[in-house]
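Notes to accompany the following structure.
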Number of protein chains: 2
Amino acid sequence: MKPNFAKNEGLVPVIVQEKSSGVVLMLAYMNERAWEETLQTGKAVYWSRSRGKLWRKGEESGNVQLVEEVLLDCDEDTVLLKVEQIGRAACHTGYISCFYRRLHGDKIEIVSEKVFNPEEVYNK
Amino acid sequence: MKPNFAKNEGLVPVIVQEKSSGVVLMLAYMNERAWEETLQTGKAVYWSRSRGKLWRKGEESGNVQLVEEVLLDCDEDTVLLKVEQIGRAACHTGYISCFYRRLHGDKIEIVSEKVFNPEEVYNK
């Protein structure tokens with residue numbers, strides 16, 4: 001069984017959750033090649049829509065995601081990956097989770113920990 | 001602050017997580033009207049892509065989602081809702097989570113509990 005890649009121009013959304021904590025880390029997209037490489041290597045590979053190429057998560061930062069579980073939804077058009085996040089942070093901003101901002105009326109609360117400075121990681 | 005609805009034909013993906021358990025229940029989509037109605041009512045409202053209309057989650061089954069937290073990702077193009085799921089099951093199949101199938105090589109394991117029979121709920 002595999003996702004239905006025929007919908008949405010060959011891409012399916014992938015929810016990435018840290019298995020140990022249950023924290024939702026990010027949402028990414030996979031095409032069929034990213035899906036196959038993820039299953040083969042056990043490391044998360046996505047399709048970067050902004051860069052238009054395969055995105056081997058952590059290839060620059062070292063923060064790879066080791067895949068522990070792969071789940072499919074009822075429609076077979078969304079994937080849930082449960083991962084071990086190397087380096088703790090999934091987000092390019094340095095926060096553990098991309099979902100680091102919680103809305104509270106007109107206010108924004110920061111609800112995730114920042115564990116690296118992106119300038120030090122990406123601009124070497 | 002609100003999601004960037006200009007991308008993806010006015011829709012943003014919404015990850016729905018049960019706040020108490022951390023279980024990822026489903027992925028849905030919102031347009032701006034669904035987003036506003038969700039914030040105003042405190043109950044999850046989505047845009048149904050298959051039916052092409054607003055989807056007040058639970059309007060048929062009674063399984064509404066009470067919104068406890070609203071989070072935005074770094075790109076502002078994905079929402080994470082933490083909810084209380086009335087009736088326990090989020091999925092129209094009767095499973096608690098839409099992600100009830102885990103892939104294990106060529107095998108599929110059922111990893112979510114089925115708490116209702118969809119024929120009894122939807123075909124009254």
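Figures for the structure shown
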item	result
Filtered residues of segment B:13-70 (kept if β-branched (Val, Ile, Thr) and assigned to a strand (DSSP E or B))	B:VAL14, B:ILE15, B:VAL16, B:VAL24, B:VAL45, B:VAL67, B:VAL70
Test result for B:TYR29, closer than 30 Å to A:SER20 by Cβ, surrounded by fewer than 20 Cβ atoms within 10 Å (Cβ to Cβ) and within 10 Å of the chain's Cα centre (by Cα)	yes
Options A:SER112, A:SER97: the member that is hydroxyl-bearing (Ser, Thr, Tyr) and in contact with a Leu (Cβ under 7 Å, 6 or more places away or on another chain)	A:SER97
Filter result (in contact (Cβ under 8 Å) with a residue 24 or more places away in the chain and away from chain B (no Cβ under 13 Å)) within segment A:22-40	A:MET30, A:ASN31, A:GLU32
Count of segment A:67-100 residues which are surrounded by 23 or more Cβ atoms within 10 Å (Cβ to Cβ) and small (Gly, Ala, Ser)	3
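Every residue, every condition in (1) β-branched (Val, Ile, Thr); (2) touching a residue at least 24 places away in the same chain (Cβ under 8 Å); (3) closer than 16 Å to B:GLY22 by Cβ, yes or no:
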position: B:LEU66; (1), (2), (3): no, yes, no
position: B:ASP75; (1), (2), (3): no, yes, no
position: B:GLN85; (1), (2), (3): no, yes, yes
position: B:ALA89; (1), (2), (3): no, yes, no
position: B:TYR95; (1), (2), (3): no, no, no
position: B:TYR122; (1), (2), (3): no, yes, no
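Residues checked against (1) out of contact with any strand residue (DSSP E or B) (no Cβ under 7 Å at 6 or more places or on another chain); (2) more than 10 Å from chain A (Cβ to nearest Cβ):
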site: B:GLU59; (1), (2): yes, yes
site: B:VAL64; (1), (2): no, yes
site: B:LEU72; (1), (2): no, no
site: B:ASP75; (1), (2): yes, no
site: B:LYS82; (1), (2): no, no
site: B:GLN85; (1), (2): no, yes
site: B:GLY105; (1), (2): yes, no
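All of the numbers you see were taken from the coordinates with simple rules; none came from a lab. All of these numbers come straight from a predicted model, not from anything done at the bench. Please note: Cβ atoms are built from the backbone with ideal geometry, for glycine as well, and neighbour counts cover all protein chains shown.
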